[in-house]
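Scroll down for the structure; my scribbles are underneath it.
The values are calculated or read from the model by the stated rules, or taken from the named source; none is laboratory data. Because the structure is a prediction, the values reported are computed rather than measured. Please note: Cβ atoms are built from the backbone with ideal geometry, for glycine as well, and neighbour counts cover all protein chains shown.
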Amino acid sequence: MSGYLTTDTEKEKAVLIGIITPDQDEAKVKDYLDELSFLVETAGAEEVKRFTQKVDHPNPRTFIGSGKLAEICDYIKENKIEMAVFDDELQANQLRNIEKELKCKVLDRTNLILDIFAQRAKTLEAKHQVELAQLQYLLPRLAGRGSLMRQQGGIGVRGPGEQKLEVDRRVIRNRIARLQAELSEIRKQRWVQRKQRRESGTGTVALVGYTNAGKSSLLNALTGAGVFVEDKLFATLSPTSRRCKLPSGMDAVFTDTVGFVRKLPHSLVAAFRATLEEVNEAQVLLLVADA
């Protein structure tokens with residue numbers, strides 16, 4: 001197993017895998033894989049090679065065809081690759097079958113994004129939201145997660161949700177219900193805050209856009225907020241609101257929000273409902289784009 005261990009000075013090596021389908025052409029898949037590569041880098045690993053295959057639809061057993069899987073398996077063995085990352089969400093049986101063939105850690109895009117969020121979560125609200133998303137994603141996939149994933153640790157098995165995998169499913173469901181209740185209370189608190197702003201006549205502006213587009217930098221420039229800025233995906237998970245005075249003399253509250261990403265997992269959207277409502281309720285949406 002020593003070939004799978006990672007040190008502080010050594011990044012996990014990853015291969016990226018995507019499929020080209022009738023409704024997803026090569027150019028689009030390239031864009032998706034470029035983004036996936038950035039996600040892999042943000043998680044602390046490095047892309048070594050990427051594989052694509054043209055298919056009419058995903059293989060229900062292994063997602064990709066047996067020939068392509070064998071090709072990837074040979075490459076992984078020859079180059080001592082620790083991790084295979086699929087650009088689409090995998091089902092429990094697909095995870096199990098692919099890991100059995102490749103004999104390395106297997107992740108999908110959703111798992112990777114959740115792992116990054118787990119490392120970025122700093123506030124109690126963000127931690128609750130990430131844990132909820134992890135548990136909702138992992139619960140139907142417990143049977144598909146093999147021993148390799150658990151033994152190797154590192155990327156893909158970090159965060160509060162992952163720490164509960166050995167717990168009974170009933171306990172996990174109870175934890176999900178508790179997290180949902182606590183996040184519901186946070187939503188109520190945010191609603192009260194927004195109501196007070198409206199009644200005071202304060203304008204509200206939500207900064208929205210792709211992750212790492214510069215929303216936090218713009219908030220700092222406009223308000224002197226001193227919000228943490230980093231050239232990585234998802235540096236901001238919890239909304240940060242700061243008040244400033246517009247040239248007209250009107251007070252306005254600018255809110256920095258979690259960034260968008262392609263193929264954003266449904267479980268993550270649901271878990272971050274309290275945060276995303278800041279966008280829905282804003283009077284103005286200021287779209288930030290990286291030129």
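Taken over segment 171-219, the residue count meeting the criterion of being under 15 Å from F254 (Cα atoms), without any contact (Cβ under 8 Å) to a residue 40 or more places away in the chain and within 22 Å of the chain's Cα centre (by Cα) is 1. You will find that of L124, L69, L102, L39, the residue that is at pLDDT below 95 and crowded, with 21+ Cβ neighbours inside 10 Å is L39 and no other. The residue list L124, L142, L132 contains one member that is of a type in the set (A, V, I, L, M, F, W, C) and free of Cβ contacts under 8 Å to residues at least 12 places away in the same chain, which is L124. Among the residues of segment 49-94, those identified as of a type in the set (D, E) and within 17 Å of K30 (Cβ to Cβ) are D87, D88.
In segment 219-291, which strands (runs of 3 or more DSSP E) lie fully inside it and hold 3 or more residues that are at pLDDT 75 or above and within 20 Å of S200 (Cβ to Cβ)? Because the criterion is at least 3 residues that are at pLDDT 75 or above and within 20 Å of S200 (Cβ to Cβ), the strands (runs of 3 or more DSSP E) in segment 219-291 that meet it are 240-245, 251-256. Based on this model, can you work out whether F51 counts as surrounded by fewer than 19 Cβ atoms within 10 Å (Cβ to Cβ), among the aromatic types (F, W, Y) and under 24 Å from A133 (Cα atoms)? Answer is no for this residue.
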